[in-house]
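A.B. asks: Submitted below is the structure of interest, expressed as structure tokens.
The values are calculated or read from the model by the stated rules, or taken from the named source; none is laboratory data. Because the structure is a prediction, the values reported are computed rather than measured. Cβ: placed from backbone, ideal geometry, glycine included. Neighbour counts: every protein chain shown.
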Amino acid sequence: MLAPEASTTLIARMGARARGAAGVLASAPDARRAEALRCAARALSKSSETILAANSIDVARGQDAGLSAAMLDRLRLDAARVKAIAAGVAAVADLVDPVGQVIDAATRPNGLELTRVRVPIGVIGIIYESRPNVTADAAALCVRAGNAVILRGGTEAIESNRAIHAALVDGLMQAGLPADAVQLVPTTDRAAVGAMLAADGLIDLIIPRGGKSLVARVQAEARVPVLAHLDGINHVFVHASADPEMARRIVLDAKMRRTGICGAMETLLIDRDFVDPAMLVEALQQAGCEVRGDPIEASIGEIVKPADPADWDTEYLDAICSVALVDGVDAALAHIARHGSGHTDAIVAADERVAEHFLARCDSAIVLWNASTQFADGAEFGLGAEIGIATGRLHARGPVALEGLTTYKWVGRGSGQVRG
């Protein structure tokens, strides 16, 4: 275990190296940053066996430690997932470079020309759990947007993260970019997290990716700005006008495609006037999902386990779903406002007026009409890999990709103007 002083020294040294690398990245041509990611993608592919061997160690340790099925699913890699990680890094290389983009421009009455231009944030710290793919996704996005990054992954994925990080650094160096542009905190000691959170002046932005306790700690202790990703307590509301077969397909996909991701539906809301509520509940149950609700509501079929008050505020990340009947769209919106996390919510409806009302009034980062909540993903939005889904209101919201990893500066061009 590192002493707090040792952790502070470690992060200070990493931060200083990252600051130097950030300056190189910010001034590097777009083509070089893109080529570095293509080299990194190739290095990841070539290192597939090494990465999988490291991951098998992590998975075995996780099983011995009693990690949940959802956590193990997030942790586990196979050849297809490593291939997808490499492809994701390569895809980021093909995205449009945000650095240097002119957001807007104006000429003042005195002739002073002002522009707002996108620039990198600088040094970004990312603290995350379980998912080793975050190591590659985060590094690729940060580098593409001209930022250096300090990565602190979870103990459960340490071997996988080290193997992925080594391949990424290999790619950076092949393209002539500094290895310090992407650094992995070498210790899993929790004191290193505290040192990152206190590293004001060394780290410009902290992004937590993980469970509620991690995000709560980051928000409580950070002296560095935080871009937070809260729970995915996501809802699908099936309106009375919904096509039953469309509703069935969307509900099943939203819950059961992958139950352990933040875009999974956790609560199903059904309009009391929908033609066949029981059909939706039975479809979930037949797919292996435990459905919790009010047993008194006979029209929603046989509920094995009654819902208690905590169910409406729970991110299950498992094959469990709470279900409630509601009296129309406004009742659904009221339920979401009380219990949702501002992540992703969807309506299934044929009535366009009702759907547009829902889209306008539902105050979540992502709102969908006639589509599964599992589309809450940067790649599905055409953004490439993502850092996470931001549920706050400032800076970036929804899938955070390249644009969310930039800020802007004002540039003024004058011809001798003075305020006098």
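A.B. asks: Give me the pairs, please: first residue somewhere in segment 397-417 and on the phi > 0 side of the Ramachandran plot, second residue anywhere and buried (at least 22 other Cβ atoms within 10 Å of the Cβ) and of a type in the set (Val, Ile, Thr), beta-carbon distance under 7 Å, and either six or more positions apart or on two chains.
C.D. replies: Gly398/Ile366; Gly398/Ile389
A.B. asks: Among what's in segment 15-35 and is under 21 Å from Val185 (Cα atoms) and out of contact with any Pro (no Cβ under 9 Å at 6 or more places or on another chain), pick the residue that is surrounded by the fewest Cβ atoms within 10 Å (Cβ to Cβ).
C.D. replies: Selected residue: Ala16.
A.B. asks: Only one of Thr188, Thr135 is surrounded by fewer than 24 Cβ atoms within 10 Å (Cβ to Cβ) and either part of a helix (DSSP H, G or I) or touching a helix residue (DSSP H, G or I) at 6+ places or on another chain (Cβ under 6 Å) (or both); which?
C.D. replies: Details: Thr135 fails: surrounded by fewer than 24 Cβ atoms within 10 Å (Cβ to Cβ).
One residue alone meets the criteria, Thr188.
A.B. asks: Under 6 Å between Cβ atoms, which residue pairs at least 6 apart in sequence (or on different chains) link something in segment 137-158 that is at positive phi with a partner that is part of a helix (DSSP H, G or I) and surrounded by fewer than 24 Cβ atoms within 10 Å (Cβ to Cβ)?
C.D. replies: Close Cβ pairs (under 6 Å, with a partner that is part of a helix (DSSP H, G or I) and surrounded by fewer than 24 Cβ atoms within 10 Å (Cβ to Cβ)) amount to Gly146/Ala26.
A.B. asks: If I go through segment 197-217 residue by residue, how many of them are at pLDDT below 90, surrounded by fewer than 17 Cβ atoms within 10 Å (Cβ to Cβ) and of a type outside the set (Lys, Arg)?
C.D. replies: The total comes to 3.
A.B. asks: Within segment 94-123, how many residues are of a type in the set (D, E, K, R), more than 20 Å from Ala21 (Cα to Cα) and either surrounded by 18 or more Cβ atoms within 10 Å (Cβ to Cβ) or out of contact with any helix residue (DSSP H, G or I) (no Cβ under 8 Å at 6 or more places or on another chain) (or both)?
C.D. replies: Of the residues in that region, 4 qualify.
Residues are listed down the side, and each one gets a yes or a no for (1) closer than 25 Å to Asp243 by Cα; (2) surrounded by fewer than 19 Cβ atoms within 10 Å (Cβ to Cβ):
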{"site": "Asp318", "(1), (2)": "no, yes"}
{"site": "Ile336", "(1), (2)": "yes, no"}
{"site": "Ala350", "(1), (2)": "yes, yes"}
{"site": "Ala385", "(1), (2)": "no, no"}
{"site": "Arg393", "(1), (2)": "no, yes"}
{"site": "Leu405", "(1), (2)": "no, no"}
{"site": "Lys409", "(1), (2)": "no, yes"}
{"site": "Arg413", "(1), (2)": "no, yes"}
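A.B. asks: Give segment 396-420 a look and list any residue that's of a type outside the set (Lys, Arg) and either assigned to a strand (DSSP E or B) or touching a Ser or Thr at 6+ places or on another chain (Cβ under 8 Å) (or both), or say none.
C.D. replies: Passing the criteria: Gly398, Pro399, Val400, Thr406, Thr407, Tyr408, Trp410, Val411, Gly412.
A.B. asks: Another question about this same structure. If I ask for residues that are without any contact (Cβ under 8 Å) to a residue 40 or more places away in the chain and hydrophobic (A, V, I, L, M, F, W, C), which ones from segment 212-250 would you list?
C.D. replies: Correct list: Val215, Ala216, Ala220, Ala222, Val226.
A.B. asks: Still on this structure: Step by step: first the residues of segment 138-152, then only those that are in contact with a strand residue (DSSP E or B) (Cβ under 6 Å, 6 or more places away or on another chain) and not in a strand (DSSP E or B), then the one that is nearest to Gly388 (Cα to Cα). Which residue is that? Show your work before the answer.
C.D. replies: Within segment 138-152, the first condition is being in contact with a strand residue (DSSP E or B) (Cβ under 6 Å, 6 or more places away or on another chain), and the residues that meet it are 138-139, 142, 145-152.
With not in a strand (DSSP E or B) added as a condition, the list becomes 138-139, 142, 145-147.
Numbers: Ala138: 9, Ala139: 13, Cys142: 13, Ala145: 15, Gly146: 18, Asn147: 16 Å.
Among those residues, the one meeting the criterion is Ala138.
A.B. asks: Within segment 191-208, which residues are among the small types (Gly, Ala, Ser) and in a loop (DSSP other than H, G, I, E, B)? Lay out the reasoning, then the answer.
C.D. replies: Taking segment 191-208 as the starting set, the residues that turn out to be among the small types (Gly, Ala, Ser) are 191-192, 194-195, 198-199, 201.
Hits for segment 191-208 are Ala198, Ala199, Gly201.
A.B. asks: So, in segment 281-299, of the ones that are of a type in the set (A, V, I, L, M, F, W, C) and modelled with pLDDT of 85 or more, which residue ends up surrounded by the fewest Cβ atoms within 10 Å (Cβ to Cβ)?
C.D. replies: Ala287
A.B. asks: Which of the residues spanning segment 171-196 are over 23 Å from the mean Cα position of the chain (by Cα), modelled with pLDDT under 95 and among the charged types (D, E, K, R)?
C.D. replies: Answer for segment 171-196, where residues must be over 23 Å from the mean Cα position of the chain (by Cα), modelled with pLDDT under 95 and among the charged types (D, E, K, R): just Asp189.
A.B. asks: Can you name the residue in segment 300-316 that is crowded, with 18+ Cβ neighbours inside 10 Å and not acidic (Asp, Glu) and, of all such residues, is nearest to Ala332 (Cα to Cα)?
C.D. replies: Within segment 300-316, the match that is nearest to Ala332 (Cα to Cα) is Trp312.
A.B. asks: Does any residue of segment 230-243 turn out to be surrounded by fewer than 16 Cβ atoms within 10 Å (Cβ to Cβ), over 23 Å from the mean Cα position of the chain (by Cα), closer than 30 Å to Gln374 by Cβ and not charged (D, E, K, R)?
C.D. replies: For segment 230-243, residues surrounded by fewer than 16 Cβ atoms within 10 Å (Cβ to Cβ), over 23 Å from the mean Cα position of the chain (by Cα), closer than 30 Å to Gln374 by Cβ and not charged (D, E, K, R): absent.
A.B. asks: Do you know which residues across segment 181-198 are hydrophobic (A, V, I, L, M, F, W, C) and touching a strand residue (DSSP E or B) at 6+ places or on another chain (Cβ under 7 Å)?
C.D. replies: Result: Ala181, Val182, Leu184, Val185, Ala192, Val193, Met196, Leu197.
A.B. asks: Then there is this: So in segment 65-93, with the set limited to residues that are of a type in the set (Val, Ile, Thr), touching a residue at least 60 places away in the same chain (Cβ under 8 Å) and closer than 17 Å to Ser160 by Cα, which one is surrounded by the fewest Cβ atoms within 10 Å (Cβ to Cβ)?
C.D. replies: Ile85
A.B. asks: Looking only at strands (runs of 3 or more DSSP E) that lie completely in segment 270-381, which have at least 1 residues being more than 29 Å from the chain's Cα centre (by Cα) and in contact (Cβ under 8 Å) with a residue 60 or more places away in the chain?
C.D. replies: Passing ranges, in order: 320-326.
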